[in-house]
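Chemist: For reference, the structure I am asking about is given below.
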Amino acid sequence: MNTARTDEYLRRLGAGHPARPTVDALRDLHLRHLRTVPFENLSIHLGEEIVLDGERLLDKVVRARRGGFCYELNGAFAVLLTELGYDVTLLAARVYGEGDRLGIPYDHLALRVRTVDGGDWLADVGFGAHFHLPLAFG
């Protein structure tokens, strides 16, 4: 991602460019993402091709001003955070289903984000509003 694309993404979120990859900046970006970019799975129902390539995700979320499902939203957010200097790890996750049983493997994508001032955080902008801010990891 280039600087112009980063700035475009930050404008979509209504955010300025953070000076450093801090916990406070991560919290701000996370909350803004949840409030601005909707969870949606319209592409599946419309038969649209789903490609998890960073540039294609940015095209959908930033340029087309669409939302997406967990792999799309957290994938795009990971690209942004990496560009801003965060150390991001993609995490395969499972979601609880009926009877409090874990769903199928790789059913969800979440992010482990390392900040310069506060350790590791679990970030997830692709599961609705289950938590508004990143959670301390570990």
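The values are calculated or read from the model by the stated rules, or taken from the named source; none is laboratory data. The structure displayed is predicted, hence computed values, not measured ones. Using ideal geometry, Cβ is built from the backbone for each residue, glycine included, and neighbour counts are taken over all protein chains shown.
Chemist: Have a look at A76, A93 and point out the one that is surrounded by 13 or more Cβ atoms within 10 Å (Cβ to Cβ), aliphatic (A, V, I, L, M) and under 12 Å from the mean Cα position of the chain (by Cα). Working first, answer last.
Modeler: Details: A93 fails: under 12 Å from the mean Cα position of the chain (by Cα).
Testing whether each residue is surrounded by 13 or more Cβ atoms within 10 Å (Cβ to Cβ), aliphatic (A, V, I, L, M) and under 12 Å from the mean Cα position of the chain (by Cα) leaves just A76.
Chemist: Pull up region 35-88, narrow it to residues that are out of contact with any Asp or Glu (no Cβ under 9 Å at 6 or more places or on another chain) and β-branched (V, I, T), then point me to the one that is farthest from L111 (Cα to Cα).
Modeler: Looking at residues that are out of contact with any Asp or Glu (no Cβ under 9 Å at 6 or more places or on another chain) and β-branched (V, I, T), I get I44.
Chemist: Hey, another quick one. Exactly one of these conditions fails for L111: (1) assigned to a strand (DSSP E or B); (2) under 21 Å from I44 (Cβ atoms). Give me its number.
Modeler: Of (1) assigned to a strand (DSSP E or B); (2) under 21 Å from I44 (Cβ atoms), only one is false for L111: (2).
Chemist: Is there any pair with a first residue in region 1-20 that is over 19 Å from V125 (Cα atoms) and a second that is at pLDDT below 95 and surrounded by 14 or more Cβ atoms within 10 Å (Cβ to Cβ) whose Cβ atoms are under 6 Å apart and which are 6 or more apart or on different chains, and what are they?
Modeler: So the pair list comes out empty.
Chemist: Contact list please: Cβ distance under 7 Å, first residue in region 69-82 and closer than 13 Å to T3 by Cα, second residue of a type in the set (G, A, S) and surrounded by fewer than 24 Cβ atoms within 10 Å (Cβ to Cβ), pairs at least six apart or on different chains.
Modeler: V79/G54
Chemist: Restricting attention to region 11-28, does a residue exist that is surrounded by fewer than 16 Cβ atoms within 10 Å (Cβ to Cβ), in a helix (DSSP H, G or I) and under 15 Å from the mean Cα position of the chain (by Cα)?
Modeler: The initial filter retains those residues of region 11-28 that are surrounded by fewer than 16 Cβ atoms within 10 Å (Cβ to Cβ), namely 11, 14, 16-17, 19-20, 24.
Next cut, in a helix (DSSP H, G or I) only: 11, 24.
Among the residues that remain, those that are also under 15 Å from the mean Cα position of the chain (by Cα) are: none.
No, region 11-28 has no match at all.
Chemist: Let me ask something additional. Considering only residues of region 112-138 that are free of Cβ contacts under 8 Å to residues at least 40 places away in the same chain and in contact with a Lys or Arg (Cβ under 8 Å, 6 or more places away or on another chain), which is nearest to R20 (Cα to Cα)?
Modeler: D120
Chemist: I've got another one for you. Does region 50-67 include one or more residues that are surrounded by fewer than 18 Cβ atoms within 10 Å (Cβ to Cβ), of a type in the set (V, I, T) and part of a strand (DSSP E or B)?
Modeler: Let us first name the residues in region 50-67 that are surrounded by fewer than 18 Cβ atoms within 10 Å (Cβ to Cβ), namely 50-56, 59, 63-66.
Subset that is of a type in the set (V, I, T): 50-51.
Applying the additional criterion that residues be part of a strand (DSSP E or B) yields none.
Within region 50-67, not a single residue is surrounded by fewer than 18 Cβ atoms within 10 Å (Cβ to Cβ), of a type in the set (V, I, T) and part of a strand (DSSP E or B).
Chemist: Here is a further query. Would you pick out the residues in region 68-89 that are part of a loop (DSSP other than H, G, I, E, B) and either under 20 Å from H45 (Cβ atoms) or in contact with a strand residue (DSSP E or B) (Cβ under 9 Å, 6 or more places away or on another chain) (or both)? If you could, list the steps in order and put the result at the bottom.
Modeler: Filtering region 68-89 down to residues part of a loop (DSSP other than H, G, I, E, B) leaves 69, 84-86.
F69, Y86, listed by residue number.
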